[in-house]
1. Evaluate the distance, in nm, between pseudo-label points positioned 7 Å from the Cα of V32 and of R54 along their respective Cα→Cβ axes.
2. With the contact rule set at Cα under 8 Å and sequence spacing of 6 or more, what percent relative contact order holds for region 36-110?
3. Would you calculate a helix-derived [θ] at 222 nm for the chain, using -39,500 (n - 2.57) for each DSSP H run of n ≥ 4 and dividing by the full residue count, to the nearest 500?
4. Around N104, under 11 Å between beta carbons, what's the net of Lys plus Arg minus Asp minus Glu among the other residues?
5. Over the chain, what relative contact order in percent results from Cα pairs under 8 Å that are six or more residues apart?
6. Given the Cα-Cα distance of R75 and K21 and 0.36 nm per residue of separation, how much length would full extension add, in nm?
7. Can you tell me the FRET efficiency between K9 and E64 if r is taken as the Cβ-Cβ distance and R0 is 22 Å, rounded to the nearest 0.05?
8. Assigning unit charges at the beta carbon (Lys, Arg +1; Asp, Glu -1) and nothing else, what dipole magnitude in debye, to the nearest 20, does region 26-125 show about its Cα centre?
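Quick note: the coordinates plus some simple rules give every number you see, no bench work behind them. Since this is a predicted model, take the numbers as computed values, not measurements. Virtual Cβ from ideal backbone geometry, glycine too; neighbours counted across all protein chains shown.
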Amino acid sequence: MGWNGTFEKWMKVLDLIISLKPKVVVPGHGPVCGIEGVKEMRAYLEYVRAESKRCFGQGLTSFEASKQIDFGPYRGWRAPARLYMNVERAYREFRHEAADAPWNHAKTFDVIYKVAKARGIPIEY
């Protein structure tokens, strides 16, 4: 999700896909799956948004939140970029920033690297 879209729009899209009851889903990232993969992605986004809201309320930055949010049932998922970018998207929404406000790509990737390093996550691309 990250710099493309909002939590609300992604939830609507995922709900639409779920309502269509496809047998096979070919996501932009990750393995081919069935409807369970779409439901899991929706649950992940709900989880990250809720955890981000908790951290935001504590006055943590999106970087600090990304270092401490427990991966919970998503512990096996790869790509630390996913967590930071979704936390930062949530923070932007909590601050009522425009959804299409530009991202500083160099800074974003620097923070992703720092989050991965702090969490001991190897960066694989």
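1. 3.7
2. Working: 38 pairs, mean separation 24.9, N = 75.
Dividing the mean separation by the residue count of region 36-110 yields 33 percent.
3. Details: 5 runs with 74 residues, N = 125.
The helix contribution divided over the chain gives -19500 deg cm²/dmol.
4. Numbers: positive: K107; negative: E88, D110.
Result for the neighbourhood of N104: -1.
5. 28
6. Values: separation 54, 0.36 × 54 = 19.44 nm, distance 2.68 nm.
Stretched fully, the R75-K21 segment lengthens by 16.8 nm.
7. On the way: r = 26 Å, r/R0 = 1.19.
For K9 and E64, the calculated efficiency is 0.25.
8. 180
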